[in-house]
1. Obtain the nm distance between the two label points defined at residue 132 and residue 8 by a simple spin-label model: each point lies 7 Å from its Cα along the Cα-to-C-beta direction.
2. Using a cut-off of 13 Å between beta-carbons, work out the net charge of the residues near residue 201 (Lys and Arg +1, Asp and Glu -1, residue 201 not included).
3. What full-extension length gain, to one decimal in nm, is calculated for residue 24 and residue 186 as 0.36 nm per residue of separation minus the Cα-Cα distance?
4. What does the charge count around residue 185 come to, taking other residues whose C-beta lies under 13 Å from its C-beta (Lys +1, Arg +1, Asp -1, Glu -1)?
5. Go from 0 up to the bin containing the longest alpha carbon distance in the chain, width 10 Å each, and give me the % of pairs per bin.
6. Amide H neighbours of residue 101 under 5 Å, at least 5 residues apart or on other chains, H built in the peptide plane: list them.
7. How large is the charge dipole for region 2-65, taken about the Cα centre, if only the Cβ atoms of Lys, Arg (+1) and Asp, Glu (-1) carry charge, to the nearest 20 debye?
8. So for 33, 186, fewest C-beta neighbours within 10 Å to most, what's the order?
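Bear in mind these aren't lab numbers, they're just calculated from the coordinates by the rules spelled out. Keep in mind it's a predicted model, so treat the numbers as computed, not measured. All Cβ positions, even for glycine, are placed from backbone atoms using ideal geometry, and neighbour counts span all protein chains on display.
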Amino acid sequence: MYEVYIMNRPVFFQENTPNDARSLILREPDKSTLDALPNLIRQHQDLEGIVLLSSDPDALWMNFCYGYREILAAGCVVRNREGTYLWIERNGKWDLPKGKVEPEEKIEDAAVREVEEETGIGQLSLVRDLGKTHHTYEENGVPMLKTTFWFLAEHAGGNTTGAPQAIEGITGVHWLPSPTPEAVRTEAYPSILALMDRATATTFE
């Protein structure tokens, strides 16, 4: 199964019919249907998600990706020795530190570098791979697909004071407890919340 967020709505590529009746189900969508997904979501703001059913989800996903320019990024969910998690405020939303992978750069190195650049928090050690997230957006009229590789990381200190990277639209660096406070959940991207929930269920031992 593949999952991509389009306009903050999850779109699933899968073979089996889901039990969740709150999502719109489209069976064996063609290329024109894939291209029309953003407009479909704009026209139906009440949609919680879309499920694309296919006998070959891998091929369907590849057909979807062909319509976008792909960008690779990396980031971390960071926990410190006091058991709190690193969050940033970016462009009015709660987010996690991440950014583009440089040419010839290892994914793991990019994840650590982006945390340090965006938050000023160092002394990081990677604990485990958290998988990938996908989301789409437009840049100068070009449809973009960002694939972000995520890692669970540990900061060797406590609630260390950070330094937000203003050039990236970051206005705050915060250590917050788990579970994620409701005030944060209401102003964070759904994909980020799902990632954080998965990460906080992971032990560091």
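1. 2.5
2. After counting each charged neighbour, the total is +2.
3. 56.0 nm
4. That works out to -3.
5. The percentages, shortest bin first, are 8, 32, 34, 20, 5, 0.
6. Residues meeting the amide H criterion: 72, 73, 74.
7. Magnitude of the dipole: close to 240 debye.
8. Starting with the residue having the fewest Cβ neighbours, the order is 186, 33.
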